[in-house]
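The values are calculated or read from the model by the stated rules, or taken from the named source; none is laboratory data. On a predicted model such as this, the values are computed, not experimentally measured, just so you know. Cβ atoms come from the backbone with ideal geometry, glycine included; neighbour counts cover every protein chain shown. Areas reflect the complete protein model, heavy atoms only, side chains present, ligands, DNA and RNA absent. Shrake-Rupley method; radii C 1.70, N 1.55, O 1.52, S 1.80 Å.
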Amino acid sequence: VMYGFVAADTTLAIRLDKATVTPPSLSDPNPIISALTIEEIPPAPDLDGDSLPDAWETDNFGGTAAQNAAGDPDLDGLPNSLELTSNTDPNDADTDDDGITDGAEVNTHSTNPRLADTDGDGLNDGAEVNTHSTNPMDSDSDDDTLLDGAEVNTHGSSPLSIDTDSDGFNDPTEAINGTNPALRISTPGGSHIARVLGADP
């Protein structure tokens, strides 16, 4: 097991009682330490003292003199210090090409600026925010059990409405029965499978 952490102080406490250990990967009920190596990884050199590792500056800007921690060469609203900690490209305003600048992803939407579809629902973050007004952090914005991407790309229904066509049959019920959830005259027959939403478990 290799376990990395950021030390909060100079004391290292090693517990083998399981009860005080919360990471699931370290919850062996019968732990035995056969060998232990503790290694401190020193910070990368920062000879110009601007809080940016020299190697990172050289990789991104060709040297250490061109930029500092407060700089924002791609004008995305994310300074170099946050580009470094977010692992984004300081020369590309939209690292994941999802239609939202890195700064807006980090500072406004709390989405992942390195992942075009943060919630994995089939709609990229830009489409969720700019086109559909859905929540890029919630894969099912209307909580009807259909992913936002499936509603838009497969069923033609609204990811913001449980019953897009207001015909009395919720969108997942129409999807299960093969009717069109966006067309009011397309409804399941008298005998159909219904998806009950909001019921008591």
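For the chain, the relative contact order works out to 8 percent when only alpha carbon pairs closer than 8 Å and six or more residues apart are counted.
Ignoring any ligand, DNA or RNA, what whole percent of the accessible area of region 51-201 comes from carbon and sulfur when the probe is 1.4 angstrom? Within region 51-201, the accessible surface is 49 percent carbon and sulfur. Taken per residue, the accessible surface of region 156-201 reaches 58 Å², heavy atoms only and a 1.4 Å probe. This structure gives Cα Rg over 2.2 N^0.38 Å, computed directly, and of [x] 1.38; [y] 1.50; [z] 1.08 that value is listed as [y].
The slack between residue 110 and residue 193, meaning 0.36 nm per residue of separation minus the straight C-alpha distance, is 26.1 nm.
About its Cα centre, how strong a charge dipole does the chain have in debye, to the nearest 20, once Lys and Arg get +1 and Asp and Glu get -1 at the Cβ?
Using Cβ point charges on Lys, Arg, Asp and Glu, the chain gives about 880 debye.
If R0 is 35 Å, the Cβ-Cβ spacing of residue 160 and residue 85 corresponds to a FRET efficiency of close to 0.55. For the chain, the residue among 194, 60, 86 whose Cα projects farthest onto the positive side of the dipole built from Cβ charges is 194. When only the Cβ of Lys, Arg, Asp and Glu is charged (+1, +1, -1, -1), the dipole of region 84-201 relative to its Cα centre reaches about 440 debye.
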